[in-house]
Amino acid sequence: MANEKRDYSFMAFHIDLHYLKTTSKGQFDSTTWSGDFITDLFKHIEGLNDVQRKMDVKGQWFMLLEEVKYEEKYVYGYFTSAEYGSVRNLIHADTLIKRNNPKGIREGEEQYTHFFIRKSDGLLLLQWNQKVTRSRVAEYIDKYSTDILRAYNYEYVNVCTLVGGEFLEELKRLDVVKETILEITSKEKSDDNEFIQEVQDEVESLSATHVALSFKAKYQRDGLGKLVPFINKFKGQKGVTSIKIIGDQDGAERKINIDTYSEKYRKSVKIDANGNPMSPNVYEQLERIAVKREMIHRNI
């Protein structure tokens, strides 16, 4: 099986470094990027022992930085994750014969989630995983970045969705844009957006964890022209868990979720005898994407 290949999906994101920019009118939140920062951050995490690098999630599974490599243009590696807390019988795929599972209740099967960061602009390529998602990687980075942020005089790190071109195409197909729904959670505090902070305070006062805000278009025919800047304003912001657009297409209501249209790539990767992706080949495939993918446009 070592020479066999299997298709894997890789999602594209970009990493922003937020800082307070000072002008004659006062301070306001701004973003920048630094390849040196991300290198120092991962070296800091790498220097911790295995237990210190582990981030436990809801007492059900955990993730930790397992491998990281540094090159002139890239930082890349993989996270290990495992789910624990239950033991289920094993069943054979062909014979359907069942047997007891020898694993302990605190044990789980390892899963690797590979990542690849382009140091020139903060492009992040992340292997698709149901648990190690964009938001979990952002949470992991946030957990270990305090000292490095202070050294660079940054406020926080944000991992933002890169929306694929098909998202805008789908929006254009809408005859009418009626409503945009923001879902905001109080679990991940916003550091700079006063509107989101106020909403989160209200959510907590109601002893709730999430709230959905509805913004209805005043002029539905020209809603699209104002929609994209609105989405860009909240996309990737801390505390915003989803953005949905509701409109009409061909006489029927249609809902579009921005997360469904994240930029992604499908690559055929070599697998080992246990059916797991071989890391060197994963890195080769991701570098090919990074070489061809255009630079992230930033207003720094």
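The values are calculated or read from the model by the stated rules, or taken from the named source; none is laboratory data. Source: prediction; values computed, not measured. Here the Cβ is made from the backbone with ideal geometry for all residues, glycine too, and neighbour counts use every protein chain on show. Each accessible area value is taken on the protein alone, full model and side chains, heavy atoms only, with ligands, DNA and RNA left out. Shrake-Rupley method; radii C 1.70, N 1.55, O 1.52, S 1.80 Å.
Observations
- Convex hull of alpha carbon positions in the stretch 109-168: directionally averaged projected area 5.8 nm².
- Taken over the stretch 241-288, the alpha-carbon convex hull comes to 156 cubic angstrom per residue.
- Of 73/255; 54/244; 5/264, pairs whose Cα-Cα distance is over 30 Å: 73/255; 54/244
- Charge tally in the Cβ shell below 11 Å around residue 284, where Lys, Arg are +1 and Asp, Glu are -1, residue 284 excluded: +2
- Between the stretch 1-33 and the stretch 242-285, the Cα center-to-center distance that results, in Å: 17
- Loop-resident sites, the stretch 6-51, for chymotrypsin sites (Phe, Trp or Tyr not before Pro), counting at most 12 other Cβ within 10 Å (DSSP): none
- When only alpha carbons of the stretch 1-111 are considered, Rg and Dmax amount to 21.1, 74 Å.
- Heavy-atom accessible surface of residue 97, to the nearest 10 Å², is about 110 Å², with a 1.4 Å probe and all protein chains retained.
- Only protein heavy atoms count here; on that basis, with a 1.4 Å probe, residue 6 has an accessible area of about 100 Å².
- Accessible surface of the stretch 105-164 [probe 1.4 Å, protein heavy atoms]: carbon and sulfur percent: 41
- Directionally averaged projected area (convex hull, Cα atoms, the stretch 6-51), nm²: 6.2
- For the stretch 66-98, trypsin sites (Lys or Arg not before Pro) are listed when DSSP marks them as loop and at most 15 other Cβ atoms sit within 10 Å of their Cβ; the list is 73, 88.
- Going by accessible surface with a 1.4 Å probe and the largest first, 11, 278 read 278, 11.
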